[in-house]
Amino acid sequence: MSNKTDSNVYTIIFAIAMVIIVGALLAFTASSLAPKISENQRIEKQQNILYAMGVNNNDEGSAVFVDASEAQDLFSKYITKQLVMQNGNVTEDAEAYLIDIKKQKTIGTNNPDERKLPIFLGDKDGKTYYVIPIYGKGLWDAIWGYVSVDKNMVIQGAYFDHKGETPGLGANIKERFFMDDFIGEHLLDSNGNFKGVDVAKGNADPKNENKTDNEVDAIAGATITGNGVTAMIKSDLKLYKPYFDNLKNN
Amino acid sequence: MGLLSKKDAKLITDPLADNNPITIQVLGICSALAITAQLKASIVMAVSVMAVLGIGNVVISLMRNIIPSKIRIIVQLVVVAALVIIVDQVLKAFSYELSKTLSVFVGLIITNCIIMGRFEAFALGNGPWRSFLDGIGNALGYGVILVIVGFFRELLGSGTLLGFKVLGDPIEKTGLYAIGYENNGFMLLSPMALIVVGIIIWVQRSRNKDLIED
């Protein structure tokens with residue numbers, strides 16, 4: 001190293017130049033790849049929604065989405081209606097699946113009336129599925145998912161995902177053995193009031209044969225992630241109760 | 001390797017065996033444990049590290065005479081962080097499924113000790129071409145171990161290789177499963193990766209006694 005590179009002035013100028021060059025490079029990469037990335041995310045949302053209503057390529061024990069190349073076609077085929085509820089009013093919106101649930105949830109904490117609540121109506125083999133997006137937080141970061149229910153709010157399918165839960169523990173919420181437990185569970189109690197589904201430790205029904213106990217078995221070692229799942233099901237699915245009440249009355 | 005002089009060729013071959021970054025220098029263990037449950041993830045991780053280490057070594061080597069020595073570690077960090085973010089963005093754009101599997105680990109490349117180690121130990125004192133070879137060599141050495149570990153973990157843990165059911169179908173009870181074979185779920189957990197790496201170290205050192213520290 002020569003003396004020149006040891007001087008303070010040189011060091012500072014070098015640092016500034018480096019930051020500018022690297023910053024420009026990263027900004028260029030990010031903005032030139034952004035359209036492709038957001039397209040991938042859009043397809044993923046379609047795959048998630050289709051997964052929740054049972055349109056997937058599952059094999060044995062692993063959860064497999066429909067092919068990305070087919071997602072758009074299948075989405076148009078199976079999803080018959082996309083609705084948005086806002087302050088009790090229901091409107092149709094073909095882009096409802098792109099609504100940012102995280103953002104709507106933030107809006108909802110201050111102005112519940114302004115929160116947009118998307119719901120997707122799917123039709124498979126003559127049966128109607130109501131797919132609802134949910135969002136919450138796990139142990140380390142965000143968790144989210146899509147739950148499909150029938151008109152009596154009995155769960156028909158669920159897909160959960162996470163940003164950074166512990167591999168092998170909380171990350172298992174996106175494994176079949178956990179997600180499939182929700183199928184058939186009732187969200188309402190026997191009186192028709194909303195109760196949700198608890199991810200319960202010390203569950204008396206580990207094989208999950210009782211579908212009306214509003215409980216599924218928790219994952220050992222993933223208490224906080226499990227509680228996060230319970231909480232997002234309770235808080236987010238509850239908001240859709242009026243929609244299903246209406247459905248019944250009409 | 002007719003293209004390379006003997007000295008240059010050693011830069012590639014040494015890390016593959018007698019100076020392997022994982023089994024001899026015991027660097028980069030964290031990622032070797034974390035992502036080797038499947039062969040595919042191992043290969044992608046190895047290729048990503050190769051890209052980052054190869055390019056990073058060249059960049060650092062080209063800058064070696066202008067990097068102020070007082071902030072050289074920070075400069076190395078910025079270079080590797082920028083490269084990793086670019087790799088991550090490219091994966092997100094062109095291989096989205098894979099980027100979801102690797103997203104946690106791609107970030108961990110920054111903290112992969114092999115990368116900082118090669119910048120500091122080699123690229124700062126050598127020309128770009130030799131640094132490039134050194135980077136590729138070390139990434140290959142790292143990748144070979146990852147692939148070996150991934151091979152055994154996926155084969156014994158899930159009965160598959162790159163997703164293909166090579167041992168038959170565990171549900172339908174075909175192939176090996178017909179005679180009562182079971183997958184070893186323990187192989188999918190991180191501790192077994194450490195044990196597999198340990199076995200590789202054992203085999204390597206018993207074949208080459210020079211590697212044994214007394």
Exercise. Which number in (1) surrounded by 13 or more Cβ atoms within 10 Å (Cβ to Cβ); (2) more than 24 Å from A:ALA171 (Cβ to Cβ) marks the one condition that A:ASN89 misses?
Worked result: (1)
For this session: Name, by its number, the condition in (1) modelled with pLDDT of 85 or more; (2) touching a Leu at 6+ places or on another chain (Cβ under 9 Å); (3) more than 13 Å from B:LEU53 (Cα to Cα); (4) more than 14 Å from chain A (Cβ to nearest Cβ) that does not hold for B:SER131.
Result: (3)
Problem set entry | Subset of the range A:32-72 (residues that are assigned to a helix (DSSP H, G or I) and small (Gly, Ala, Ser)) | A:SER32, A:ALA34, A:SER38, A:ALA52, A:ALA68, A:SER69, A:ALA71
Problem set entry | Residues that are without any contact (Cβ under 8 Å) to a residue 40 or more places away in the chain and closer than 21 Å to A:GLU165 by Cβ, drawn from the range A:196-214 | A:ASP198, A:VAL199, A:ALA200, A:LYS201, A:ASN203
Problem set entry | Residue tally, condition surrounded by 12 or more Cβ atoms within 10 Å (Cβ to Cβ) and either more than 11 Å from every other protein chain (Cβ to nearest Cβ) or not in a helix (DSSP H, G or I) (or both), over the range A:1-31 | 2
Seminar exercise, completed: Residues in the range A:99-129 that are closer than 19 Å to A:VAL55 by Cβ, of a type in the set (A, V, I, L, M) and without any contact (Cβ under 8 Å) to a residue 60 or more places away in the chain total 1
Exercise. Cβ-Cβ below 6 Å, separation at least six or inter-chain, first residue in the range A:39-63 and within 12 Å of another protein chain (Cβ to nearest Cβ), second surrounded by fewer than 16 Cβ atoms within 10 Å (Cβ to Cβ) and assigned to a loop (DSSP other than H, G, I, E, B): which pairs?
Worked result: A:GLU60/B:ILE171
Exercise. Filter the range A:123-167 for residues that are of a type in the set (Gly, Ala, Ser) and farther than 21 Å from A:ASP181 by Cα; which is surrounded by the fewest Cβ atoms within 10 Å (Cβ to Cβ)?
Worked result: A:GLY126
Seminar exercise, completed: Note on B:ALA121: of the conditions (1) away from every other protein chain (no Cβ under 13 Å); (2) surrounded by 18 or more Cβ atoms within 10 Å (Cβ to Cβ); (3) not charged (D, E, K, R), unmet is (2)
Exercise. Within the range B:1-89, which helices (runs of 4 or more DSSP H) (wholly inside it) include 2 or more residues that are of a type in the set (Ser, Thr, Tyr)?
Worked result: B:39-62
Exercise. When only residues in the range B:118-176 that are among the basic types (Lys, Arg) and touching a residue at least 24 places away in the same chain (Cβ under 8 Å) count, which is nearest to B:ILE12 (Cα to Cα)?
Worked result: B:ARG130
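The values are calculated or read from the model by the stated rules, or taken from the named source; none is laboratory data. Nothing here was measured: the structure is a model prediction, and the numbers come from that model. Note that each Cβ is placed from the backbone with ideal geometry, even for glycine, and that neighbours are counted across all protein chains shown.
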